[in-house]
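S.K.: Structure provided below as structure tokens; questions to follow.
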Amino acid sequence: MDECRYVSAAPVKAERRIIGWGNDIDSFWHIKKWEKPDLAHEVSASSRLLLTGERDLPLMEERCCRGLETIYSSERWFKPRGGMLRLLSPRYFKMAQRFVQLLANQEALYYYPMGIHAARDMARLCGLLHGDIRCLFCPPELEFEGKPGGRIWLKRGGNQKKYCLDKMRMWGYYVEPTKLGALPVQEASKVNLKEIKVLWVGRLLKLKRVDTIVRAVREHANLKRVNADLPKITLDIYGVGPEEKRLRKIARRYEDIIRFYPPIPIAKVRQLMREHDVYVMASNGCEGWGAVVSEAIEEGMKVLGTYEAGSSATILPSSNLFKAGDWKRLSKLLREKIAPVGAFDWSAQNAAHYLKTKI
């Protein structure tokens, strides 16, 4: 660790503090940019390898001039609602054009998209700014190597360099693992056939679509009244946010199986995961990644997720996916045998090991 530095770009927002996030990393290798901006810039500009999520183009250019390697990682550039309409802003268009030029022309700059949706957005942008007008209407068809640092390529041939795919690798962000040894191996029989314990943890925001999980569990409870042979499904929700009142209203009269709890410290989330069977990532396309998917897999949970969210679409097999808001499909998936997912390709340890080969 004496060769590494971590620069915090901004203090943690109040809404994240409520669920356990903080600025309490107190170590010689942690630099708070808002307290020591000059030191933060010096370290960022001179380090041999910079892994950054900040879209700081002057810093990237400065490092490129020095021949220093930079890995820029981000979620989607064109999330739903705004999408590619953002390019209608002259300021945004100039910034995007400048970044694509850097990515294409500077050998020391790489882009690591967080998930397949982020990769499609960037390939679409690069193709468009290199004259492929088709990218204005739909993203190019890509194939992916589903692991940290995995390759990306055009599905039906074409000029990889035109889309900057030779400078892009798959990525995702991870939290510190709780174990030093081998990760738990998922067992096909982990879920109790008589009771399935579903877990959800986080901020209760509209984009998280927690209402989909509540409706799915409620639907299953109604079916169980007719068919007693069906397993019991319970849902534990930990968190707080503007959606809480609406969710409680949807769960009314099902309080015995749909339970709400206040936020808990992040350090205790892993233990909760070990006490439950299934984690559901119900977010819509505004969820650029979602580290909770890899965390849950790492703890041996079965995981279901949406096609729209970055991490679930990237990591989970199609048999474990449903469209955001489709609570009927989710209810059916919860009753079926959920396919296990290996933890080794998508884990903090794997990601750290890959990055170490770059240093």
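The values are calculated or read from the model by the stated rules, or taken from the named source; none is laboratory data. Since this is a predicted model, take the numbers as computed values, not measurements. Please note: Cβ atoms are built from the backbone with ideal geometry, for glycine as well, and neighbour counts cover all protein chains shown.
S.K.: From the list V280, V240, exactly one residue is touching a strand residue (DSSP E or B) at 6+ places or on another chain (Cβ under 7 Å) and either of a type in the set (G, A, S) or not assigned by TED's automatic domain parsing to the domain that holds G149 (or both). Which is it?
M.R.: Numbers: V240 fails: touching a strand residue (DSSP E or B) at 6+ places or on another chain (Cβ under 7 Å).
Of V280, V240, the one residue that is touching a strand residue (DSSP E or B) at 6+ places or on another chain (Cβ under 7 Å) and either of a type in the set (G, A, S) or not assigned by TED's automatic domain parsing to the domain that holds G149 (or both) is V280.
S.K.: Going residue by residue through segment 103-123, is there one that turns out to be of a type in the set (A, V, I, L, M) and farther than 26 Å from K147 by Cβ? Talk me through it step by step, then tell me what you get.
M.R.: Of the residues in segment 103-123, the ones of a type in the set (A, V, I, L, M) are 103-104, 108-109, 114, 116, 118-119, 122-123.
Among the residues that remain, those that are also farther than 26 Å from K147 by Cβ are: none.
No, that holds for no residue.
S.K.: Something else: List every residue pair whose Cβ atoms lie under 6 Å apart, where the two residues are 6 or more positions apart in sequence or sit on different chains, the first residue falls within segment 38-58 and is closer than 20 Å to W171 by Cα, and the second residue, located anywhere, is among the aromatic types (F, W, Y) and part of a strand (DSSP E or B).
M.R.: Going by the 6 Å Cβ cut-off, the qualifying pairs are T52/Y72.
S.K.: Scan segment 237-266 and report the pairs whose first residue is farther than 25 Å from A14 by Cα and whose second residue is basic (K, R) and assigned to a helix (DSSP H, G or I), with Cβ atoms within less than 6 Å and a gap of 6+ or a chain change.
M.R.: Short answer, once both residue conditions are applied: Y254/R218.
S.K.: Every residue in segment 71-116 that is aromatic (F, W, Y) and either part of a loop (DSSP other than H, G, I, E, B) or at positive phi (or both), please. Working first, answer last.
M.R.: Quick first cut of segment 71-116, residues aromatic (F, W, Y) only: 72, 77-78, 92-93, 99, 110-112.
Correct list: W77, F78.
S.K.: Kindly indicate whether any position in segment 207-214 is of a type in the set (S, T, Y), in the same structural domain as K328 (by TED's automatic domain parsing), surrounded by 13 or more Cβ atoms within 10 Å (Cβ to Cβ) and assigned to a helix (DSSP H, G or I). Working first, answer last.
M.R.: Just the residues of segment 207-214 that are of a type in the set (S, T, Y), to begin with: 212.
Subset that is in the same structural domain as K328 (by TED's automatic domain parsing): 212.
Next, only the ones that are surrounded by 13 or more Cβ atoms within 10 Å (Cβ to Cβ) stay: 212.
So of that shortlist, the ones also assigned to a helix (DSSP H, G or I) come out as 212.
Checking segment 207-214: at least one residue is of a type in the set (S, T, Y), in the same structural domain as K328 (by TED's automatic domain parsing), surrounded by 13 or more Cβ atoms within 10 Å (Cβ to Cβ) and assigned to a helix (DSSP H, G or I).
S.K.: Let me ask you something else. Which one of the conditions (1) more than 19 Å from the chain's Cα centre (by Cα); (2) modelled with pLDDT of 95 or more; (3) not in a helix (DSSP H, G or I) does N159 fail to meet, given that it meets all the rest?
M.R.: The failed condition is (2).
S.K.: Could you list, in sequence order, the residues of segment 52-87 that are acidic (D, E) and within 21 Å of L128 (Cβ to Cβ)?
M.R.: Taking segment 52-87 and keeping what is acidic (D, E), we get 54, 56, 61-62, 69, 75.
Matches in segment 52-87: E75 only.
S.K.: Sticking with this structure for a sec: Can you pull out the residues in segment 224-235 that are closer than 13 Å to Y254 by Cα and either outside any helix (DSSP H, G or I) or in contact with a helix residue (DSSP H, G or I) (Cβ under 9 Å, 6 or more places away or on another chain) (or both)?
M.R.: Selection gives K232, I233, T234, L235.
S.K.: R16: at pLDDT 95 or above, among the basic types (K, R) and not in a strand (DSSP E or B), yes or no? Talk me through it step by step, then tell me what you get.
M.R.: Working: at pLDDT 95 or above: no; among the basic types (K, R): yes; not in a strand (DSSP E or B): yes.
Against the criterion (at pLDDT 95 or above, among the basic types (K, R) and not in a strand (DSSP E or B)), R16 does not qualify.
S.K.: Name the single residue, out of those in segment 289-327 being out of contact with any strand residue (DSSP E or B) (no Cβ under 6 Å at 6 or more places or on another chain), small (G, A, S) and touching a residue at least 12 places away in the same chain (Cβ under 8 Å), that is surrounded by the most Cβ atoms within 10 Å (Cβ to Cβ).
M.R.: S311
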